[in-house]
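Readers should treat all values here as calculations from the given coordinates under stated rules, not as data from a laboratory. All of these numbers come straight from a predicted model, not from anything done at the bench. Methodologically, a virtual Cβ is constructed for each residue, glycine included, from the backbone with ideal geometry; neighbour enumeration extends over all protein chains shown.
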Amino acid sequence: MVRYLRRGFFRGVEDASASPLTQSVSVVMPAFDEEASVVGSVSAMLALRHPRHEVVVVDDGSTDATFALLREAFDLVEVPRRLPTDVPVRGAVRSVHVPRGGRSPLVVVRKDNGGRADAVNAGINAARHDLVCITDADSVLDPDALLTVSRPFADDPERVVATGGAVRAVNGSTLVGGRVADVRMPRGWVARFQVVEYLRAFCVGRAGWSRLQSLVLISGAFGMYRRDVLVEVGGLDPTCIGEDFELTLRLHRHMRESGRDHRVVFVPEPASWTEVPATSAVLARQRRRWQRGLAETLWRHRAMVGNPRYGRIGLLALPYYVLFELVAPVIELVGVVLTPLAVAFGVVPWKAALLLMVLCYGYAVVVTVAALLVEELSFHRSQRWRDLARGLAAAVLENVGHRQLTALWRVQGLWSLLRGQQQVWGAMDRQGLAAGASADGGDVVHLPETRASRRELAEAGR
């Protein structure tokens, strides 16, 4: 991140906005039963700063008023447009709609339900621009998000095939006019722990891997890709739980096997804001699913692990993911159980055990605190010292209970995969967005209000 700041990475946003060299972008938003927020989300996407961008909304067989609200808000009319079949789509496309008279660069595709990955693939087919930005209907992007994340494509157009921006937790914050106006630390500790986890993962992990040219994961909440390369690899895989991780690995594999030099770049600007689980039950389901998706993806691409043909990805990144992401939770749980027993039976001196624990968890605290401070000094998101203090407290306290629980959930995800259990998304209760009014008449959105993600409910039966 410091490297980006020294380069003045974000100083060229104004120039990029007016530059004819800035590549056009198609924003693809899959939506399923999003009647509560879809109009505001689409309006916010259309208002993003970019000289040439369109918004492609894919209504993935919604059963509520999602499409009716879009049709009324944007005066949509059906057009006789036949989408290309550049990438395979399982759910049949029913119709394509655009605003009457071309008032805004919006395209709405209606299709049978096929899941998020299938909806994204339909959006890729509908996209007309060179770059495709994939985001979620409930994500909030910063006004300059498209400009900052598309800049690497302009800097290195021949090699850059994908970019990803940082994702932050929006829980506890205030939204005005579809923008994060007041960043606050969530009240609940479950959400607070995830705030510091996200900071550590993006500001340290993703930034470091990008610097080593070994980035293998772009978040599904906000990623940008060259459309031609997406078409070459066949889009997202609807049969994979961790479709975003799998797509990034497939991109690397395809480019390496075809002998083409390429780059996948991380941009540290916190460009996307997403809602994280607010309860332990919901978080447990999410982490089990993530770990299972990690294991499935690594197994699918096991030929890449340790293979010099795939360069740093095969020799560095993937072995790391196997050891420190796939196997590490098992080792940590075994250590948590065996260390007290070893001390109790005199096998290990208690001072040595204590020193080991301090070193392990102390290192994690130092890394997290560094990420928190670097992010705050770089972007000045927090406006209250109290919130910064809560973040520092979360960086320490997450190692007492939360970290061990997370390891347990991840092991459970692996166990369910080994037993051949069918993956079920479950009813993911989330904090909804409750709208109010600001002094200047703009919409103000606060958290919380509990609701369930209808997409996850719908996919639970598949």
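General observations
- Relative protection proxy for 173-182, 289-298, 137-146, 318-327, from highest mean packing down: 137-146, 289-298, 173-182, 318-327 (other beta-carbon atoms within 10 angstrom).
- Degrees between helix 116-126 axis and first principal axis of the chain (Cα, 0 to 90, nearest 10): 40 degrees
- Between the residues TYR310, PRO238, SER24, the greatest Cα displacement towards the positive end of the dipole of the chain, with unit charges on the Cβ of Lys, Arg, Asp and Glu, is found for TYR310.
- Centroid-to-centroid, using Cα positions, the stretch 269-301 and the stretch 187-220 are 12 Å apart.
- Our coupling estimate for the stretch 26-43, obtained by passing each phi through the Karplus curve with A = 6.51, B = -1.76, C = 1.60 and θ = phi - 60°, is 9, 8, 9, 10, x, 9, 9, 6, 10, 4, 6, 9, 5, 5, x, 5, 5, 4 Hz, Gly and Pro reported as x.
- Cβ crowding within 10 Å, taken as a proxy for footprinting-reagent exposure, orders ARG110, ARG312 from fewest neighbours to most as ARG312, ARG110.
- With the simple model of a label 7 Å out from the Cα in the direction of the Cβ, ARG211 to ASP182 spans 3.6 nm.
- For the chain, the Kirkwood estimate of hydrodynamic radius, built from reciprocal distances between every pair of different alpha carbons, is 23.1 Å.
- Taking Lys and Arg as +1 and Asp and Glu as -1, the other residues whose beta-carbon sits under 10 Å from that of LEU298 total -1.
- Difference of contour (0.36 nm per residue) and Cα-Cα distance, THR239 to ALA68: 58.6 nm
- Here the label points at ARG309 and ALA47, each 7 Å from Cα along the C-beta direction, are separated by 5.0 nm in the simple model.
- The convex hull built on the alpha-carbon positions of the stretch 191-255 has an orientation-averaged projected area of 5.2 nm².
- Cut-off under 5 Å, modelled amide H: who pairs with SER95 long-range: ARG110
- Förster-model FRET efficiency, 22 Å R0, VAL229 and ARG82, C-beta, rounded to 0.05: 0.40
- Ordering GLY102, ALA407, LEU69 by Cα displacement along the dipole of the chain toward the positive end leaves ALA407 in first place; charges were set at the Cβ atoms of Lys, Arg (+1) and Asp, Glu (-1).
- From its DSSP helices (H runs of at least four residues, each -39,500 (n - 2.57)), the chain gives a residue-normalised ellipticity at 222 nm of -13000 deg cm²/dmol.
- The long axis of helix 350-379 is offset from the longest Cα principal axis of the chain by roughly 30 degrees.
- Under the Karplus curve 6.51 cos²θ - 1.76 cosθ + 1.60, θ = phi - 60°, whole-Hz ³J(HN,Hα) for the stretch 168-180, x wherever Gly or Pro sits: 10, 7, 8, 3, x, 8, 10, 10, 10, x, x, 10, 6
- Here CYS203, CYS133 are placed in order of increasing Cβ neighbour count within 10 Å, fewest first, which gives CYS203, CYS133.
- DSSP bridge pairs, the chain: antiparallel proportion in percent, nearest 5: 55 percent
- Comparing VAL334, TRP299, VAL55 along the charge dipole axis of the chain, the residue lying farthest to the positive side is VAL334, per the Cβ-charge model.
- Least to most buried among CYS360, CYS240 (fewest other Cβ within 10 Å first): CYS360, CYS240
- Sites PHE345 and ARG103 - FRET efficiency at Förster radius 60 Å, r taken between beta-carbons, to 0.05: 0.20
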